[in-house]
Amino acid sequence: MTNTINVRELKPAKIDNRTFYSRLWQLTLPIALQSFMLASVAAADALMLGRIAQNEMAAVSLATQVQFVQNIFVLGITSAGSILGAQYWGKGDKKTMRELFNMMIRFSVAVSLIFFLGCELTPGLLMRIFTHDPVLIEIGMPYLRIAGWSYLLTGVSQCYLSMMKVTDHVRESAVIGSSAVVMNIIFNALLIFGLLGLLRMEARGAALATTIARALELLFCLILSTRDDYLTPDFAHFFKDRKELLLSFIRQCLPLMGGSLLWGVGFTSYTAIIGHLGADAAASNSIAAVIRDLACCVCNGIATAAAIMVGNELGAGNLAEGKAYGYKLRNFSFVLGFASTAFILAITPLVVRMVKLTPKAHSYLTGMMIVMAFYMIGRVVNTIMINGVMDSGGDTLFDMYSLAVSMWGLAIPLALAGAFFFHWPVVAVYACTCVDEVGKIPWVLIHFRKCIWVQDLTIH
């Protein structure tokens, strides 16, 4: 920490609201669009496979949890690079950013290789983590063997897309990501249903579509990065790191990865718990998860934009401006949180009518959507404040230990007890998986006011 002043007593600078919101939406909209398009792939998989059979949809939903966990590790790596990258970009140090790019790719490829091998060598074991239903396991195994190839490609492409976002190429990053999603959905339709004379592959078609789209996404990244105004890895010194920079990267990466792992494995545990309550519960939860991911796109975009904006100011040494941005984003997060609740409640009848489920699964989905609506308040506020503002200044440990307490100390034990000991109704068990986000809001507000996040992390 390089601050020599009491940042808690530092008075936030006065900022121009028009400039602030113009910059916020300029960054948020393409990132939110990219997030929405990415979530749309899961929605397309669910809707298309749901037209074939409920088991196909449920099996793929469970199988994709493997990639979800892999993405948690990759997210920790790319987030660490993005946090430091935003500050060094604000400082104008491109040489150091290329070194950070090297680190991101090396670590991300190593993690992705492990998940690829797991999918190719032990797909049945991975499926049994999430369900004991032999039909779902049988459908999920070939899906994982094909989709596993996309995991290697994703590990590299996400590094490129993340670095584009912090180097004033947010729009281009969104175009590449969104284009890959559109191609994924098109290939989904062709391969799942066997359109245009192609083989009808059903669940395997969804996996192949994802792999093709990821290959094209990485190709677009590599082609675009050859332009003069784009940052590229320093391949001439790819395995050489400055010790101080490597330690700085690790200090950010480990808490982020730890927090992401706690969150990701926790969410996967929620899926596994609900999945063991039967095929109806698994199917309704898979639809609810898709809607949740779509609804979170805007807050995810704002959180990423917040990290860039606050990080740029802090890295440039403008601590008062960075603090002012953080407080304004805190207030805005509550407005968006309550708006998200109203949105989920409004679309619940439409969502329930759209999907083809059993009557019991339909009733489960209705209850889950109502619970999710109130969960969104906490999800939006915590995402913007923790993953956006706090992380941008290196306050990454709080996310990890808050998850350890609220998710692993409260929500997961409640859900496990409700599902396997007390045998509560499915919707009640689902509600247990949602208590962590709402419950930790006061804790987040108290920690935010300590201003530990108001730091310049660059090496001087």
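Hey, what's the per residue convex hull volume over the C-alpha atoms of segment 98-227, in cubic angstrom?
114 Å³
So what is the diffusion coefficient of segment 348-401 in µm² per second by Stokes-Einstein at 25 °C and 0.890 mPa s, using a Kirkwood Rh over Cα pairs?
D, rounded to a whole number, is 182 µm²/s.
Is the shape of segment 144-211 rounded, prolate or oblate, going by the alpha carbon gyration tensor and its root eigenvalues a ≥ b ≥ c, with a/c under 1.5 for rounded and a/b larger than b/c for prolate?
Because a/c hits 1.5 or more and a/b fails to exceed b/c, segment 144-211 counts as oblate.
Taking N as the number of residues in segment 179-231, what is its alpha-carbon radius of gyration divided by 2.2 N^0.38 Å?
1.40
Convex hull volume of the Cα atoms in segment 349-460, per residue, in Å³?
Value for segment 349-460: 125 Å³ per residue.
Provide the per-residue ³J(HN,Hα) series for segment 362-367, in order, calculated from phi with Karplus coefficients 6.51, -1.76, 1.60 and θ = phi - 60°, each as a whole number of Hz, with x at glycine and proline positions.
4, 5, 4, 5, 4, x
Averaging over all projection directions, find the projected area of the Cα convex hull of the chain and quote it in nm² with one decimal place.
21.1 nm²
Which distance in Å, rounded to a whole number, links the C-alpha centroids of segment 283-360 and segment 66-144?
After rounding, the separation between the Cα centres reads 22 Å.
Read phi for every residue in segment 136-150 and hand back ³J(HN,Hα) as whole Hz from Karplus 6.51 cos²θ - 1.76 cosθ + 1.60, θ = phi - 60°, with x for Gly and Pro.
5, 5, 5, 6, x, 4, x, 4, 5, 4, 7, 5, x, 5, 5
Projected onto the charge dipole of the chain (+1 at Lys/Arg Cβ, -1 at Asp/Glu Cβ, origin at the Cα centre), which of Gly278, Gly85, Ile291 gives the Cα projection farthest towards the positive end?
The residue sitting farthest along the positive end of the dipole is Gly85.
Grab the chain and count how many Lys pairs have their alpha-carbon atoms under 18 Å apart, sequence gap of 8 or more, or different chains.
Value for the chain: 16.
Which whole-Hz ³J(HN,Hα) couplings does segment 291-302 yield from phi under the Karplus relation 6.51 cos²θ - 1.76 cosθ + 1.60, θ = phi - 60°, glycine and proline marked x?
Each residue's phi maps through the Karplus curve to give 4, 4, 5, 5, 5, 8, 4, 5, 5, 5, x, 5 Hz.
Can you compute the radius of gyration and Dmax for segment 188-326, using only the Cα atoms, both in Å?
21.5, 62
Using a 1.4 angstrom probe on heavy atoms only, work out the carbon and sulfur share of the accessible area of the chain in %.
67 percent
Order 290-303, 10-23 from most to least packed using the mean count of other Cβ atoms within 10 Å.
My ranking of the peptides, most packed first, is 290-303, 10-23.
Among Met163, Leu10, Ile146, flag the residue with its Cα farthest along the positive direction of the charge dipole of the chain, charges on Cβ as +1 for Lys/Arg and -1 for Asp/Glu.
Leu10
Treating the beta-carbon of each Lys and Arg as +1 and of each Asp and Glu as -1, no other charges, what is the dipole magnitude of segment 90-227 about its Cα centre, to the nearest 20 debye?
Values: 13 positive and 9 negative charges, 88 e Å.
In total the dipole reaches around 420 debye.
If I stretch the segment between Ala346 and Thr358 completely, what's the gain in nm (0.36 nm per residue apart, minus their alpha carbon distance), one decimal?
2.1 nm
Could you tell me what % of all Cα pairs in segment 231-272 have separations over 17 Å? Display every interim value, and only then the final one.
Values: 480 of 861 pairs.
Taking all Cα-Cα pairs of segment 231-272, the fraction more than 17 Å apart is 56 percent.
Which part of segment 365-386 falls in the paramagnetic zone of Leu445, meaning amide N under 19 Å from the point 7 Å along Cα-to-beta-carbon?
Only 374-386 pass the distance filter.
Of Tyr230, Leu246, Phe220, which is farthest towards the positive pole of segment 220-269's charge dipole, taken about the Cα centre with +1 and -1 on the beta-carbons of Lys, Arg and Asp, Glu respectively?
Selected residue: Leu246.
What is the dipole size for the chain, taken about its Cα centre, with +1 at each Lys and Arg Cβ and -1 at each Asp and Glu Cβ, in debye to the nearest 20?
With Lys and Arg at +1 and Asp and Glu at -1, about 500 debye.
Can you compute the modelled spin-label distance between Leu222 and Ala236, with each label point 7 Å from Cα toward Cβ, in nm?
A separation of 2.2 nm, rounded to one decimal place.
In Å², what does the accessible area per residue of segment 108-220 work out to with a 1.4 Å probe?
On a per-residue basis, segment 108-220 sits at 40 Å².
The values are calculated or read from the model by the stated rules, or taken from the named source; none is laboratory data. Remember, it's a predicted structure, so these values are computed and weren't measured experimentally. Backbone-built Cβ (ideal geometry, glycine too); neighbour counts: all protein chains shown. Each accessible area value is taken on the protein alone, full model and side chains, heavy atoms only, with ligands, DNA and RNA left out. Shrake-Rupley method; radii C 1.70, N 1.55, O 1.52, S 1.80 Å.
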